[in-house]
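Here the structure is laid out as structure tokens; the discussion comes afterwards.
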Amino acid sequence: NSERFHLQLRVQKFYLKNSNRHRMIKEFNELCERFRDPKSRVDAERKLVEFRKSRDAIEQSINIIVSKDATGFARFQATSICRDVALERWTRLGVQKQNTIREHLLKYVVNHFNDLPKFVSKQILHTVASFYKRTWTSLSEEDVNAVFAQIQTIMRQNVRCANAYLQIIVDEFLASRSSAMGLKLEWHRNVQQRFSKSGLRRCLEMGMIQ
């Protein structure tokens, strides 16, 4: 009887969790629609800021990104929030969580690239590239080789996705957007310099191999 009771509790928690998730995604869809409407934009923007400041903003954003019930615009906004919040909290996240978030997003976009709206898949790839940019100067040669080995694997799975990813990596690394990560321009220059030595040529070579 005790085991049966605990099983019922787990089932109830599972359904409650999923019910809350569906409600959250529905509310986020509605919030994004209000954000697009000039009449309700200010209030919606305030609520998006509150969402962004929440403790579980990254996890909730990822739930929205991978949900079939989320609209394209909601997924785009959730991806932007996930990127900004993760970069703001980068050092506090720790390496393991940084890698988990990045790999989860990359795996998702590779597997669903052909079904996602182009503006959504592009935003997710930009987010993944920005995470790599944030940590590039701390990567070992072995780590860098692993990045490009992963891209070769993606190339075999989905050439269009791999080519888009390569282009976005180049764009992300060579853009001097110091405000995007809250870091000084000198940091961006150092990343660009290292990427030019260890990544740019490989990106260009892989992009030419179809």
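Filtering the range 122-144 to residues that are more than 21 Å from Leu174 (Cβ to Cβ) and open to solvent by less than 70 Å² (accessible area, probe 1.4 Å) leaves only Ser140.
Inclusion of Leu204 among residues that are farther than 21 Å from Val66 by Cβ and not in a helix (DSSP H, G or I) is not warranted.
For the range 46-57, enumerate the residues that are part of a helix (DSSP H, G or I) and within 19 Å of Ala86 (Cα to Cα). Answer for the range 46-57, where residues must be part of a helix (DSSP H, G or I) and within 19 Å of Ala86 (Cα to Cα): Lys47, Leu48, Val49, Glu50, Phe51, Arg52, Lys53, Ala57. Put simply, of Thr91, Thr100 the only residue that is of a type in the set (Ser, Thr, Tyr), part of a helix (DSSP H, G or I) and farther than 24 Å from Ile151 by Cβ is Thr91.
Selection of first residues in the range 181-202 that are in contact (Cβ under 8 Å) with a residue 40 or more places away in the chain and of second residues that are open to solvent by less than 50 Å² (accessible area, probe 1.4 Å) and among the β-branched types (Val, Ile, Thr), restricted to Cβ pairs under 7 Å at least 6 apart or on distinct chains, gives the following pairs, ordered by first then second residue: Ser198/Val144; Gly199/Val144.
Within the range 141-159, identify whether any single residue is basic (Lys, Arg) and either closer than 23 Å to Arg194 by Cβ or touching a residue at least 60 places away in the same chain (Cβ under 8 Å) (or both), and answer yes or no.
Checked against the condition, which is being basic (Lys, Arg) and either closer than 23 Å to Arg194 by Cβ or touching a residue at least 60 places away in the same chain (Cβ under 8 Å) (or both), the range 141-159 yields no hits at all.
The residues in the range 58-68 that are out of contact with any helix residue (DSSP H, G or I) (no Cβ under 7 Å at 6 or more places or on another chain) and not in a loop (DSSP other than H, G, I, E, B) can be counted, and the count is 1. For the residues Lys118, Lys68, the requirement of being of a type in the set (Lys, Arg), modelled with pLDDT of 95 or more and open to solvent by 50 Å² or more (accessible area, probe 1.4 Å) singles out Lys118. When Val110 is tested against (1) buried (at least 19 other Cβ atoms within 10 Å of the Cβ); (2) under 16 Å from Arg83 (Cα atoms), just one condition goes unmet, and that condition is (2). Screening Gln150 on (1) among the polar types (S, T, N, Q); (2) open to solvent by less than 60 Å² (accessible area, probe 1.4 Å); (3) not in a helix (DSSP H, G or I) shows it passes everything except condition (3).
Looking across the range 76-92 at every residue that is open to solvent by less than 30 Å² (accessible area, probe 1.4 Å) and among the hydrophobic types (A, V, I, L, M, F, W, C), the one that is farthest from Gly182 (Cα to Cα) is identified as Ala78. Taking the criterion of being charged (D, E, K, R) and either surrounded by 15 or more Cβ atoms within 10 Å (Cβ to Cβ) or closer than 15 Å to Asp143 by Cβ (or both), the residues of the range 182-206 that qualify are Arg194, Lys197, Arg202.
Taking the stated definitions as given, is Lys97 open to solvent by 20 Å² or more (accessible area, probe 1.4 Å) and over 19 Å from the mean Cα position of the chain (by Cα)? No; evaluated as a whole, the condition is false for this residue.
Filter the range 49-61 for residues that are in contact (Cβ under 8 Å) with a residue 24 or more places away in the chain and open to solvent by 20 Å² or more (accessible area, probe 1.4 Å); which is farthest from Lys97 (Cα to Cα)? So, considering only residues that are in contact (Cβ under 8 Å) with a residue 24 or more places away in the chain and open to solvent by 20 Å² or more (accessible area, probe 1.4 Å), the one farthest from Lys97 (Cα to Cα) is Phe51.
The values are calculated or read from the model by the stated rules, or taken from the named source; none is laboratory data. None of these values were measured; they are calculated from a predicted model. Cβ: placed from backbone, ideal geometry, glycine included. Neighbour counts: every protein chain shown. Note: accessible area is taken over every heavy atom of the protein model, side chains too, but ligands, DNA and RNA are not part of it. Shrake-Rupley method; radii C 1.70, N 1.55, O 1.52, S 1.80 Å.
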